[in-house]
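The values are calculated or read from the model by the stated rules, or taken from the named source; none is laboratory data. Values in this document were obtained by computation on a predicted structure and should not be read as measured data. Positions of Cβ are generated from backbone atoms using ideal geometry, with glycine treated the same way; all protein chains shown enter the neighbour counts. To get the accessible areas, we keep the full protein, side chains included, count just its heavy atoms, and leave off ligands, DNA and RNA. Shrake-Rupley method; radii C 1.70, N 1.55, O 1.52, S 1.80 Å.
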Amino acid sequence: MKKASTPRYKGKVGVSCVRGRFRLTLPRELFGNEQVHLYLGLQETPENRKIAEARAKTIEADIAFGNFDPTLERYKSTTATPQKRLKPQTLVKVFDDYIQTRKSRVRPGTWNNGYLVTLRRIERSPFCHADISTIVGQDIFDWAIQHFTPDTTARFMTQLNAAFKWAIAKKLANGPSPFDGMSTKAKKLKKSDDDDDINPFGKDERDRIIQSFGTDPRHSHNLLYVLFCFFTGCRPSEAIALQWSDVAPDYSKVTFTTAIVSGKGGRKRCKGLKTQKRREFPCNEQVQDILKEARSRSNSEIVFPSKTGKPIQIGDFRARHWKPVLLELGIEYRKPYQMRHTFITQCLEAGVDVKDVARLVGNSPGTIYKNYAGKKKGLSVPEL
């Protein structure tokens, strides 16, 4: 004989948390199959969860015994666990204290171009001296998205969220963080036609740029630097930091170990690269010829020095040489960093395996697939 199934219990009240506050989800059959929620106004804490669960049990008992109040007035009164009264803390003070705890653990580039940039943005905002206990994350998000790009806003929200969670852990603020989920929200606003600023030069454009640097005496001193960036795909910060001690005696390989970054207090040479400690680049004959020519031109320890013998200043190079060359050639302006994107794109078009390209330029294969291989131009379906 087939065992009868147990009837489904329809009086279950769900307990969940939305935007850091508890709510109860009531059975649909009580309201004509419509979904109704009861918002308790309790912040997400272990103590308040117990209160919310007890309230759910009370409603379930009333349903079972026919005493349910459909107006829900009976269930709205709750006693929240009082939040600890904390000393007022301003947003700028909390963020500054947070980044000071991390200063010794991050690279100068992260400190100067990440943390300090965010601190200056906070100082410019109308929320600079706001008490963090009164902050509404959506208000700061709305201000940021009006002043920054979606990507910049996403990074801004990420930094604020990390600082706020640090403050909660240090018992300087009560949770939850008002910036939870804001970074993801900003990324969703990113335009669908935004190509992550990857806009490589075509081979003809690349060759015309190289020719202009080689023939115009105003810019010719930078020719080898431009050639090296185009044919190795290294980051400009890595190229300007390159020293002859990083180059094999027979020019067969280059080992990138440092980068020169700019920020508050000027430029600094930093050990390690953006995504790794060091990277070896095997030099083909084309790159070897560039290095040999550079060796013959200068006795400086720097492989590609400026006219003063010091490392090239990227901002000065861009303003005085790069922009004028592109303008005179009638080529759409792109930053010098696009030389790296050009190398990666042309390697893929030449059939170099994605994993090998990733090793050459210091990215992960996933990054190459996402940002380059997925946007390869001229994609066509082969005859199968």
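A few points about this structure:
- With the convex hull of the Cα atoms taken as the outline of the range 247-326, the averaged projected area works out to 6.9 nm².
- Seen against the Cα atoms of the chain and their longest principal axis, helix 137-147 is set at about 30 degrees.
- Rounded to the nearest 10 degrees, the angle from helix 285-297 to the longest Cα principal axis of the chain is 60 degrees.
- The chain - percent of accessible surface contributed by carbon and sulfur, probe 1.4 Å: 51
- Debye intensity ratio I(q)/I(0), log10, the range 121-168, q values 0.20, 0.25 Å⁻¹ (C-alpha model): -0.65, -1.03
- Peptides 281-289, 114-122, 297-305 ranked from most to least packed, by the mean per-residue count of other Cβ atoms within 10 Å: 114-122, 297-305, 281-289.
- Considering the range 202-254 at the alpha-carbon level, its Rg and Dmax are found to be 12.5, 34 Å.
- With contacts taken as Cα pairs under 8 Å and at least 6 residues apart, the chain reaches a relative contact order of 12 percent.
- Using C-alpha pairs below 8 Å separated by at least 6 residues, the relative contact order for the range 206-352 is 28 percent.
- Over the C-alpha atoms of the range 93-245, the Rg to Rh ratio, Rh being the Kirkwood estimate, stands at 1.13.
- Listed pairs Lys274/Lys355; Lys165/Lys185; Lys103/Lys170; Lys103/Lys335 exceeding 20 Å between Cα atoms: Lys103/Lys335
- Directionally averaged projected area (the range 61-183, Cα convex hull): 10.9 nm².
- To the nearest ten degrees, helix 150-169 and the longest principal axis of the Cα atoms of the chain are 60 degrees apart.
- The separation of the range 308-366 from the range 280-301, counted between C-alpha centres, amounts to 18 Å.
- Simple point charges give the picture: +1 on the Cβ of Lys and Arg, -1 on the Cβ of Asp and Glu, and for the chain a dipole about the Cα centre of about 1420 debye.
- Phi angles across the range 97-107 convert, under the Karplus curve 6.51 cos²θ - 1.76 cosθ + 1.60 with θ = phi - 60°, into 3J(HN,Hα) values of 4, 4, 5, 5, 6, 10, 4, 6, 10, 10, 5 Hz, Gly and Pro given as x.
- Contact order for the range 85-239, expressed relative to its length and based on alpha carbon pairs under 8 Å spaced 6+ residues apart, stands at 21 percent.
- Probing with 1.4 Å while keeping every protein chain in the model, the per residue accessible area of the chain equals 58 Å².
- Dividing the convex hull volume of the alpha-carbon atoms in the chain by its residue count gives 264 Å³ per residue.
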